[in-house]
1. Taking every residue in B:83-90, how many Cβ atoms of other protein chains lie within 10 Å of its Cβ, on average?
2. Listed highest first by mean packing, meaning other Cβ atoms within 10 Å per residue, what order do A:91-102, A:47-58 come in?
3. Under a 5 Å amide H to amide H cut-off, with H placed in plane at 1.01 Å, what residues pair with A:LEU89 once short-range neighbours are removed?
4. In nm, one decimal, shortest first: how far is the label point of B:GLY114 (7 Å from Cα along Cα to beta carbon) from the matching points in the other copies?
5. Taking beta carbons within 10 Å but only from partner chains, what does the mean come to for residues B:12-21?
6. If you take the square roots of the eigenvalues of the alpha-carbon gyration tensor of segment B:90-167 and sort them as a ≥ b ≥ c, do you get rounded (a/c under 1.5), prolate (a/b over b/c) or oblate?
7. Counting only DSSP beta bridges with both residues in segment B:21-174, what percent are antiparallel, rounded to the nearest 5?
8. Quick one: label points 7 angstrom along Cα→Cβ at A:LYS3, distances to the other copies in nm, smallest first?
There are 2 protein chains.
Amino acid sequence: MPKIVVLRLGHRPQRDKRVTTHVALVARAFGADGIILTTRDPAIERSVNKVTELWGGPFFIRSGESWRKTVQDWRSEGGSVLHLTMYGLPVDEVLPRLQGKDLLVVVGAEKVPGEIFEFADFNVAVTNQPHSEVGALAVLLYRIFSGFKLEKKLLGGRLMITPSDKGKKVKKAP
Amino acid sequence: MPKIVVLRLGHRPQRDKRVTTHVALVARAFGADGIILTTRDPAIERSVNKVTELWGGPFFIRSGESWRKTVQDWRSEGGSVLHLTMYGLPVDEVLPRLQGKDLLVVVGAEKVPGEIFEFADFNVAVTNQPHSEVGALAVLLYRIFSGFKLEKKLLGGRLMITPSDKGKKVKKAP
């Protein structure tokens, strides 16, 4: 199974706290292996690790790492870099070329450095409309994994949900 | 074409400003007709209307409307209510039953009132994992519309993007 790691650029702890948390939780729920934030933020690390502990993993989060070094390391291990941007090529068009590749998926918070467009092997748009890196990442991962089946790989959590048409059914994981 | 409107519950203007904006922009980009916030917030109305003016519509946003009345009005016009919740039934299982229905898609910010689970015709989960109402809404709309084709219905904007493998290509809309 190819590796997928999300690289979150330009996270500003005060302003982006909630959106970056959504990015991280989407990455986990839809089957990425982990997320790296370029800005150091121990509070988000703790809150995401807590979700993984409760609901299963493996899923890693690290913060305060240089995007340039992350990209270079990823490349030197043979991986490809995919930049999610509304200016990119349609995901449906690019998808066949992603098959079997280890992917570092770059999502920006504030404006991303122009170099990212050059560094990326793939600049990919989930619609060419302005919306949300959270929504774009969710649909990208859903497309890459052809559905939700990766949810089943989340193991070792303490809680799980029994899907229900009314109300909340949560039980202890076996 | 069935109507789809998003109902955002419990939006707190300071805390949820950015996430609610993402919810609204995902609703627009993925083909919903509009969004209603139960909390009044003219600032978000302005920023979403500005996106619609620049990038196309139609898409409406209204705020400060009672969820109970919105649900009742929707019902009295024959529409169904779909509540997005991690506790719900898998979207893939529910999808065939949504065909052709006008849908009010309820997404919560803070904890939603328990009654919503009862009021809803469908309690739907996009994975039974904790993640993000933004990601869940994106995947739900993507599934309902079987892809991005609704993007093409966005008309009358001033700008449009030419998809590109490098850099940003924006032009004036014809």
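What follows is calculated from the coordinates using simple rules that are stated; it is not laboratory data. As the structure is a computational prediction, the values presented were derived from the model and not from experiment. With ideal geometry, Cβ positions are generated from the backbone for all residues, glycine too; neighbour counts draw on all protein chains shown.
1. 4
2. Going from most to least packed, we get A:47-58, A:91-102.
3. A:ASN123, A:VAL124, A:ALA125, B:SER164
4. 5.8
5. 2
6. In terms of gyration-tensor shape, prolate.
7. Roughly 25 percent of the DSSP beta bridges within segment B:21-174 come out antiparallel.
8. Taking the point 7 Å beyond Cα along Cα→Cβ, the inter-copy spacings are 5.0 nm.
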